[in-house]
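Below: the structure, in structure tokens.
The values are calculated or read from the model by the stated rules, or taken from the named source; none is laboratory data. Quick caveat: nothing in here was measured; it's all calculated off a predicted structure. In this analysis, Cβ positions are derived from the backbone assuming ideal geometry, glycine residues included, and neighbour counts consider all displayed protein chains. Please note that ligands, DNA and RNA were not included when accessible areas were found on the heavy atoms of the full protein model with its side chains. Shrake-Rupley method; radii C 1.70, N 1.55, O 1.52, S 1.80 Å.
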Amino acid sequence: TEMPISLQKSSFAIEAWVNMKESGALGTIFAIGEGENKLSLKMNRTSVALFVNDVQLDSVETIAEKNDWQYVSLNYDAYNQKTAVYVINSSAEGAEQTKLVRHLAKPINPDSRLTVGSGFKGKMHQLVVWNVNRSISDLNDMNYAKTGIENNIVGYWPMDEASGKTAVDKVRGRN
């Protein structure tokens, strides 16, 4: 699924609950921007990988059983040119966290489209886009449904339609 969204010269966070069906090839959870300004997060059941301009920058193992839901957050701090990826496994004791932080050689300026779920094999719920970088402590609201009027929220797709390829954006009132 693709949707137009502009986060030019801005920090941002893209978050969602994901449930991976298999541990095979990496599928795109989120990708924002195009060309030199593309930042992607790809995942399978055992690892998460950060890509810049379709080149893998880093990866880290995650711990998830076949039916585990994980909260995934891709963050970009425009001022410091830093990315952070947080993966929180909801079924692990103490809500186990995986963290991947990288500084980028140059800033990215995602000004075109957000791609969600390309090659992703599993389920996704509560996709949220913020126009601020969020820390791990900001993710305390991950278990709560959003209203669409929270500060700094620019897109919210609850993905509660039960099936299909269209989800309603509760912030901007479009699919």
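Points to keep in mind about this one:
- Neighbourhood net charge (9 Å Cβ-Cβ; Lys/Arg +1, Asp/Glu -1) for Leu50: +1
- For the range 41-90: rounded, prolate or oblate by the Cα gyration tensor [a/c cutoff 1.5]: oblate
- In terms of distances greater than 22 angstrom between alpha carbons, the cross-link table entries Lys9/Lys121; Lys82/Lys121; Lys9/Lys38 yield Lys9/Lys121; Lys82/Lys121.
- Cα gyration tensor shape for the range 10-82, rounded if a/c is under 1.5, else prolate or oblate: prolate
- Neighbour cut-off at most 13 other Cβ (10 Å), DSSP loop, trypsin sites (Lys or Arg not before Pro), the range 105-169: Lys165
- Residue-level accessible surface for Thr147, protein heavy atoms, 1.4 Å, Å²: 90
- Both numbers refer to the Cα atoms of the range 8-48; Rg and Dmax are 12.1, 36 Å.
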